[in-house]
Amino acid sequence: MSSQEQSDPKATGWSRRNFLATSVVSTMSLSLLERADAQTPAAPAKIDPNAPVIVRLRVNGREHRVPLDTRTSLLDALREHLALTGTKKGCDHGQCGACTVLMNGKRVLSCLTLAVVAQGPDITTIEGLAGPDGTLHPMQQAFIDHDAFQCGYCTPGQIMSAVACVKEGHAETDADIREYMSGNLCRCAAYPNIVDAVKQAKPLMKEA
Ligand code: FES
Ligand code: FES
């Protein structure tokens, strides 16, 4: 291309009109890019899965507000955060019954229950069974009367389960009691005495 062709707009195909059109398109592109940038939602704030949440638990008639990791079991909340160590951790896998507590009167394995889903119902632990004056619940007294324990580790869970067993109407016969208490294991094998204790407590619970 000669120097004359370079300076001749007709020869190069370049013109003032072309220049203006290109400038306008560039400016529009830039402004569209800026607008798209402004509309892009901000990245969501990072959520820390370990951040505690306030969990409200009503245990033995008392309200508690406890900051807990959402993965905390009801068992750990009771033992580690509310100092209610009567409820025992045996297997921590739902196999032994040592961690049994009552929720609205129904037995649950607190090792398999998340504390966050235990908000609302009345939770009763072994510490909440005796009367305000310290009088033992008929089931507690019956376990003592019948020597229904040796080491005692399974006993709080056995007693909570036995209370529910009677209330459910599953304590009519020895076989019934054995069947409906079968989720509570006792390594000391106090089973015959536990059956006797449940039979003693049953009529007394009805009177109470
Ligand atoms: S500790 Fe919950 S069932 Fe064993
Ligand atoms: S009394 Fe020892 S495990 Fe039951």
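One residue is enough: does region 145-153 have a residue meeting the conditions without any contact (Cβ under 8 Å) to a residue 40 or more places away in the chain and either not in a loop (DSSP other than H, G, I, E, B) or not hydrophobic (A, V, I, L, M, F, W, C) (or both)? Steps first, answer last, please.
Taking region 145-153 and keeping what is without any contact (Cβ under 8 Å) to a residue 40 or more places away in the chain, we get 151-152.
Next, only the ones that are either not in a loop (DSSP other than H, G, I, E, B) or not hydrophobic (A, V, I, L, M, F, W, C) (or both) stay: 152.
Taking every residue of region 145-153 in turn, at least one turns out to be without any contact (Cβ under 8 Å) to a residue 40 or more places away in the chain and either not in a loop (DSSP other than H, G, I, E, B) or not hydrophobic (A, V, I, L, M, F, W, C) (or both).
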Residues Val55, Val117, Val66: which one is in a helix (DSSP H, G or I), aliphatic (A, V, I, L, M) and more than 28 Å from Val195 (Cβ to Cβ)? Val117
Odd one out for Ala130 among (1) free of Cβ contacts under 8 Å to residues at least 24 places away in the same chain; (2) closer than 20 Å to Val59 by Cα; (3) within 16 Å of ligand 1 (Cβ to nearest atom): (3)
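In region 77-93, how many are of a type in the set (S, T, N, Q) and crowded, with 20+ Cβ neighbours inside 10 Å?
1
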Restricting region 94-110 to residues that are surrounded by 17 or more Cβ atoms within 10 Å (Cβ to Cβ) and within 16 Å of ligand 2 (Cβ to nearest atom), the residue that is farthest from His64 (Cα to Cα): Cys96
From Lys88, Lys46, Lys106, residue being more than 29 Å from Cys188 (Cβ to Cβ) and of a type in the set (D, E, K, R): Lys46
Could you figure out which of (1) within 16 Å of ligand 2 (Cβ to nearest atom); (2) within 27 Å of Lys202 (Cα to Cα) isn't true of Cys91? (2)
Answer residue from region 176-193, given it is part of a helix (DSSP H, G or I) and away from ligand 2 (no atom under 13 Å from the Cβ) and is surrounded by the fewest Cβ atoms within 10 Å (Cβ to Cβ) among those: Glu179
Exactly one of (1) within 25 Å of the chain's Cα centre (by Cα); (2) in a loop (DSSP other than H, G, I, E, B); (3) more than 16 Å from ligand 1 (Cβ to nearest atom) is unmet by Leu136. Its number? (1)
Residues of region 149-170 being over 20 Å from Gly128 (Cβ atoms) and either crowded, with 21+ Cβ neighbours inside 10 Å or within 16 Å of ligand 1 (Cβ to nearest atom) (or both), which ones? Cys151
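Every read-out reported here was derived from the displayed coordinates using simple, explicitly stated rules and does not represent laboratory data. Predicted model, so just to flag it, every value in this text is computed and none were measured. Neighbour counts are summed over all protein chains in view; Cβ atoms, including those assigned to glycine, are modelled from backbone coordinates with ideal geometry.
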